[in-house]
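Working notes for the structure below.
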Amino acid sequence: MITYTKNDWFPAIWHFHRSPTAFSLYRRLIWIGLYVIGVTFLELWMVDLRLKDTPTEFLSTMGILLSLLLLFRTNTAYDRFYEGRRAWGTLVNNSRNLAAYLNAVLPSDRTDDRLFFTKMIANFAFSLENHLRNDEKTAGLEPAGDGELSELTHFDHVPNGVVAQLQLRTEKLYREGVFTDAHLINLNTMLLVFLDVAGICERIKSTPIPFSYSFFIKVFILMYIFVLPFLIIDEYGYLTIPAVVAVSYILVGIEIIGEEIQNPFGTEHNNLPLSQIAHTIRLNVHELMQYYIPHEEKQAAKSNFAIVT
C-alpha cells in the first residue's frame, strides 16, 4: 500500500503517473487519442459529421448520469476496501488481546505452551494472507512445535487449521487444570473472532461487483467518449483532441481505480498491505508474550511502498 503525506502534492502526482495503474490508463488513452485524432481530421477535412443542432442539455444530461454511475461505483469499491481494512484491524486488536490475556494466565514455567501460542497466533495472520492471495499455504508460518506445520498442509483452508490447533491446545490445558472455566470461555470467544475475520474477508473476495453493472459502466463511458467529439468539434476545432483526452483521463481513471480497490487483498500498490499487517501482529504478539524478535525482522512491519519519507 502506498503511504504518503497529504500536503506533498507534487511527489504524490509524480508517483501516481509511474504506477501500474497509470500505465494501464495510458494504454487506453492512446487508443482514445487515436480515435479522436481520426474523427477530428475526418470532420474538418473530409466529411462534415458535426452534430450542430444537438442541444447542449443532451451532453450535460449524459455527463450527469455518467458521474452518478461513477460515484456509486467508486463508493461501492471503497466500501469493500474499507471493510477489508476494518476486518484486518479487528484481527490486529484480537491478536493483541489474546496474547496479553495468555501472557497473564499462562504460568511462566509453561515455556512450550507460551511459545506455541505466541507463534500460532502470529501464524493465523500469515495463513489468512496466503489464503486470500492464493499463495503457498505455509509461506511465512513459523513452526510452533513438532509437526504442526506438516499437519496444516493437509488443510485446504489453513486459517481453519491454525484455529483448530489453538483450540486443541486450549482444551488440553483446560483438562490439565491450567485454565479455569472462565479462562476457557474467554479464550474460546477470542479464538472464534479469528474465524469471523476470515469469513468477512472471504465474503469480500468471493463477491465481486456484478459483471452486468461493471460492464454497463464501461459501455456508457465508451458511448460518451464516442459521441463527445461530434458534439464539441464545432466549438473547439483541433482543441477537441486534448479536450476529449482530458475528459477520458478522468472517466477511465476513476473506473480503473475502482476496479483495483474493489479487491483489497491483491498485491497492487493500492491494495491493503497484508504482509506488513501480518508482520506487525507477529511483532506485537511476541512482545506481549515476552519473546523479543531481532531488529531486522521488525523492519518487515514497515510499509513497502512510500513516496514521502
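Where in the stretch 151-265 are the helices (runs of 4 or more DSSP H), entirely inside, with at least 3 residues that are aromatic (Phe, Trp, Tyr)?
On the way: elements: 158-175, 181-206, 211-236, 240-261.
Because the criterion is at least 3 residues that are aromatic (Phe, Trp, Tyr), the helices (runs of 4 or more DSSP H) in the stretch 151-265 that meet it are 211-236.
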On the basis of being outside any helix (DSSP H, G or I) and open to solvent by less than 50 Å² (accessible area, probe 1.4 Å), does LEU141 make the cut? yes
Checked the stretch 201-231 for anything without any contact (Cβ under 8 Å) to a residue 40 or more places away in the chain and β-branched (Val, Ile, Thr); matches are THR207, VAL219
Condition set of a type in the set (Asp, Glu) and within 12 Å of THR21 (Cα to Cα), scope the stretch 247-298, selection surrounded by the most Cβ atoms within 10 Å (Cβ to Cβ): answer is GLU255
Of the listed residues (LEU91, LEU65, LEU71), the one being among the hydrophobic types (A, V, I, L, M, F, W, C), at pLDDT below 95, within 23 Å of GLY266 (Cα to Cα) and in a helix (DSSP H, G or I) is LEU71
Filtering the stretch 169-211 down to residues that are farther than 30 Å from TYR82 by Cβ, surrounded by fewer than 17 Cβ atoms within 10 Å (Cβ to Cβ) and of a type in the set (Val, Ile, Thr) yields VAL178, THR180, ILE185
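The values are calculated or read from the model by the stated rules, or taken from the named source; none is laboratory data. None of these values were measured; they are calculated from a predicted model. Cβ coordinates were reconstructed from backbone atoms using ideal geometry, including for glycine residues, and neighbour counts include every protein chain displayed. Surface accessibility is based on the protein's heavy atoms, side chains included, excluding ligands, DNA and RNA. Shrake-Rupley method; radii C 1.70, N 1.55, O 1.52, S 1.80 Å.
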